[in-house]
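*Asks:* Below: one structure in structure tokens.
The values are calculated or read from the model by the stated rules, or taken from the named source; none is laboratory data. Computed from a predicted structure; not experimentally measured. Counting neighbours? That spans all protein chains shown, and the Cβs are built from the backbone with ideal geometry, glycine included.
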Amino acid sequence: MAQRKLFLRESSGLVKNATLKDLVMLNVANMGAGLAVFEGISPYVVPGALLWLASLITFVITLPLVFTYTYLLLKMPRTGGDYVWISRKLNGTLGAIMGVAFAFNMPPYFALSAFFSVAAINLVFLEIGTLQHIPSLVYLANNVFVNPYGTLTLFQELLFYFLAAISFVIIILINIFRPKWGFTLTTVLGIISSLTLVLAMIIVALNIPDFHTKIQPFLTDFNITGTISPFKFSLSSTLYMVPFFMSYAYIWLYAGPAVASEAKEGSLKLNLILGSIMTFVMITFPFLVMDLAAGPAFNLAYYPSFTYNFWSVAIYLSNPILQWILGIGLIAWNYFIMAFGVVVFARYIFAFSFDRLFPSIFAKLNKYSSPVYAHILDLITTLVFLTIPLISISGATALYSYTPLAVAYLFIVSLAGIRVGYKENQKPLLISSILSAILMLATEVEILIPSNNYAFSVIGTSGVNWIATVYIISLIGVGVISYVLAKYYRLKKEGIDISLVYKEIPPE
């Protein structure tokens, strides 16, 4: 059957707008370093663990996954990235089902991240308002932009919903009418976010000599309490923290590959490794400088408060102007992640449609070469999932426990790499894929052991997290239903067996 018959058209129609800088920043957003050193990891630290060392270990052991993604990316630079690799090189049905399941986890994640991003606004307003004696900021922090994880009034819930919704609408409109600006917006937000994080590291480092003297008023002003016990390093405790770093940052490599067909010449080879190195620096060194300044025992006592973290300490140690710069940088990290999500999710939907797995309308481009209907689907899906926190905050936070699905997906990507490496005698790819498959399998086992009680797992000592479990099963169910319906409809109405589509690499 001719390629023209299998695919919607002979070329994707997408324009090569993405530079190396754009791709790197998409990957940095994907891994979310700035939020990892905010409230993502440190509140969950266990006695004896060194967070900077856990980050270093995680970076090193996930390098095989980075190399596997890079090899496959260079071999098959197509829109949809890992979905294309699995469906073409491992199994079409499996790739379709898991690709849809993986992709449709994105809108809920980005919606909830947007809703709960008010936590950053709350900290910035409360801390700067307190330090600079600005009652209006303190009032806003205590009564309007409150901690979203607490008890919210209906007004506050609706306010957070509309703030997130408006942000998404603006970002999606930019991507619809100026797709190149979608990449530029992500890159600009990424540069601002990254530079302010580096600035925060420098500020904490400069205050190492008299850190304990300067930090005491901060603990008093914000009623942060803790018990300092002698620190005894534990390798097992440090290794226990590794899955946190994997879940929050280092394994998220799909952004650059998802837009590969829009990458300019020469921008693909280094984008993943550069993004990973930048993430390594922006996670490891903040935790290292915190330990050099305060000491592991001190940090271990106060990290669980959530209020005491790298960003809040850096803001406190700054002068009034730098406080605002760092505050804006922390808030920018949230919008940075939203901007990348809008770009990437639409590409997966486009890829599904181009393969005839989804209705053809989602692969339709407007006169600006933007997948407009894929973006509209993204907006509708996101707005729906934004309502979940209005119904139940605990139910919403339970949806963050999707890591087992992601790890399983990356295990499958690694299997695809093994098959390609073996069949094409590519030993570097074969070795890296075997190592990454072993790592993903070991990680899956580790996070599903109930006694480990990982916050992002679906099971712990208290039992099964049924909301998260049903959520993951539902995502896979969407994939199964999509494939079965597409296969039946295409064969009956169009005489096309979509299983044959997965025998061919889609055109650029």
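*Asks:* Suppose we keep only residues that are in contact (Cβ under 8 Å) with a residue 40 or more places away in the chain and surrounded by fewer than 19 Cβ atoms within 10 Å (Cβ to Cβ) within segment 110-130. Which one would you say is farthest from PHE350 (Cα to Cα)?
*Replies:* THR130
*Asks:* Right, here's the next one. Output the number of residues of segment 474-508 satisfying the condition of being farther than 18 Å from ALA396 by Cβ, assigned to a helix (DSSP H, G or I) and not hydroxyl-bearing (Ser, Thr, Tyr).
*Replies:* 18
*Asks:* Okay, next question. Return only the number of the condition from (1) closer than 30 Å to LYS180 by Cβ; (2) buried (at least 21 other Cβ atoms within 10 Å of the Cβ) that VAL384 does not satisfy.
*Replies:* Failed condition: (2).
*Asks:* Inside segment 475-495, can you point out the residues that are of a type in the set (Ser, Thr, Tyr) and either at pLDDT 95 or above or surrounded by 16 or more Cβ atoms within 10 Å (Cβ to Cβ) (or both)?
*Replies:* Answer for segment 475-495, where residues must be of a type in the set (Ser, Thr, Tyr) and either at pLDDT 95 or above or surrounded by 16 or more Cβ atoms within 10 Å (Cβ to Cβ) (or both): SER482, TYR483.
*Asks:* Another one. For the condition over 30 Å from THR151 (Cα atoms) and modelled with pLDDT under 95, what is the one hit in SER394, SER369?
*Replies:* Of the residues listed, the single one that is over 30 Å from THR151 (Cα atoms) and modelled with pLDDT under 95 is SER369.
*Asks:* Given the options SER436, SER414, SER432, SER401, name the one that is at pLDDT below 90, crowded, with 21+ Cβ neighbours inside 10 Å and either touching a Lys or Arg at 6+ places or on another chain (Cβ under 9 Å) or polar (S, T, N, Q) (or both).
*Replies:* SER401
Yes or no, residue by residue, for (1) closer than 19 Å to ALA18 by Cβ; (2) modelled with pLDDT of 90 or more:
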| position | (1), (2) |
| --- | --- |
| TYR149 | no, no |
| GLN156 | no, no |
| ALA164 | no, no |
| ILE171 | yes, yes |
| ILE174 | yes, yes |
| LEU185 | yes, yes |
| VAL188 | yes, yes |
| THR196 | no, yes |
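*Asks:* So, TYR83, is that one crowded, with 24+ Cβ neighbours inside 10 Å, modelled with pLDDT of 95 or more, out of contact with any strand residue (DSSP E or B) (no Cβ under 6 Å at 6 or more places or on another chain) and not acidic (Asp, Glu) or not?
*Replies:* So TYR83 passes the test.
*Asks:* Restricting the search to segment 233-272, which residues are β-branched (Val, Ile, Thr) and closer than 11 Å to LEU23 by Cα?
*Replies:* Of everything in segment 233-272, just one residue is β-branched (Val, Ile, Thr) and closer than 11 Å to LEU23 by Cα, namely VAL259.
*Asks:* What are the residue pairs meeting all of these: first residue in segment 221-237, first residue within 15 Å of PRO43 (Cα to Cα) and in contact (Cβ under 8 Å) with a residue 60 or more places away in the chain, second residue of a type outside the set (Ser, Thr, Tyr) and assigned to a loop (DSSP other than H, G, I, E, B), Cβ atoms under 8 Å, and 6 or more apart or on different chains?
*Replies:* So the pair list comes out as SER237/VAL46; SER237/PRO47; SER237/GLY48; SER237/ALA49.
*Asks:* Here is a further query. Based on what the data block shows, is GLY327 modelled with pLDDT of 95 or more, surrounded by fewer than 24 Cβ atoms within 10 Å (Cβ to Cβ), assigned to a helix (DSSP H, G or I) and not aliphatic (A, V, I, L, M)?
*Replies:* yes
*Asks:* Looking at (1) modelled with pLDDT under 95; (2) surrounded by fewer than 21 Cβ atoms within 10 Å (Cβ to Cβ); (3) among the hydroxyl-bearing types (Ser, Thr, Tyr), which is the one condition that is false for SER136?
*Replies:* (1)
*Asks:* Can you tell me which residues in segment 451-469 are surrounded by 14 or more Cβ atoms within 10 Å (Cβ to Cβ) and either assigned to a helix (DSSP H, G or I) or among the basic types (Lys, Arg) (or both)?
*Replies:* ASN452, ILE467, ALA468, THR469
*Asks:* Which numbered condition in (1) more than 20 Å from the chain's Cα centre (by Cα); (2) on the phi < 0 side of the Ramachandran plot; (3) not in a helix (DSSP H, G or I) is the only one that SER353 fails?
*Replies:* For SER353, the exception is condition (3).
*Asks:* Name the residue, out of ARG356, ARG347, that is in contact with an Asp or Glu (Cβ under 9 Å, 6 or more places away or on another chain), of a type in the set (Lys, Arg) and surrounded by fewer than 24 Cβ atoms within 10 Å (Cβ to Cβ).
*Replies:* When all the criteria are applied, what remains is ARG356.
*Asks:* Another question about this same structure. Within the set of pairs 6 or more residues apart or between chains, which connect a residue that is farther than 19 Å from MET246 by Cα inside segment 450-471 to a residue that is assigned to a loop (DSSP other than H, G, I, E, B) and modelled with pLDDT under 90 with Cβ atoms less than 6 Å apart?
*Replies:* From segment 450-471, the pairs are ASN465/SER401; TYR471/LEU399.
*Asks:* Among the residues of segment 293-308, which ones are outside any helix (DSSP H, G or I) and over 16 Å from LEU50 (Cβ atoms)?
*Replies:* Once the filter is applied, which keeps residues that are outside any helix (DSSP H, G or I) and over 16 Å from LEU50 (Cβ atoms), segment 293-308 yields PHE306, THR307, TYR308.
*Asks:* Closer than 30 Å to ARG419 by Cβ and hydroxyl-bearing (Ser, Thr, Tyr), is that true of THR19?
*Replies:* no
*Asks:* Does ILE277 fit the bill of being without any contact (Cβ under 8 Å) to a residue 60 or more places away in the chain, surrounded by fewer than 21 Cβ atoms within 10 Å (Cβ to Cβ) and closer than 27 Å to PHE102 by Cβ?
*Replies:* When the stated conditions are applied, ILE277 passes them.
*Asks:* In segment 159-181, what count of residues is obtained for those that are outside any loop (DSSP other than H, G, I, E, B) and either farther than 18 Å from SER113 by Cβ or among the β-branched types (Val, Ile, Thr) (or both)?
*Replies:* Matching residues across segment 159-181 total 12.
*Asks:* Find the residue count for segment 216-241, including only residues that are surrounded by 14 or more Cβ atoms within 10 Å (Cβ to Cβ) and more than 27 Å from THR58 (Cα to Cα).
*Replies:* Going through segment 216-241 one residue at a time, the tally reaches 5.
*Asks:* I've got another one for you. Identify, please: which residue in segment 310-350 is over 20 Å from the mean Cα position of the chain (by Cα) and among the polar types (S, T, N, Q) and is, among those, nearest to ILE505 (Cα to Cα)?
*Replies:* The selected residue is SER312.
*Asks:* Which condition from (1) surrounded by fewer than 17 Cβ atoms within 10 Å (Cβ to Cβ); (2) touching a residue at least 40 places away in the same chain (Cβ under 8 Å) is the one that THR153 breaks?
*Replies:* Of everything listed in (1) surrounded by fewer than 17 Cβ atoms within 10 Å (Cβ to Cβ); (2) touching a residue at least 40 places away in the same chain (Cβ under 8 Å), THR153 misses just condition (2).
*Asks:* Is it true that some residue in segment 99-107 is free of Cβ contacts under 8 Å to residues at least 24 places away in the same chain and assigned to a helix (DSSP H, G or I)?
*Replies:* No: zero hits.
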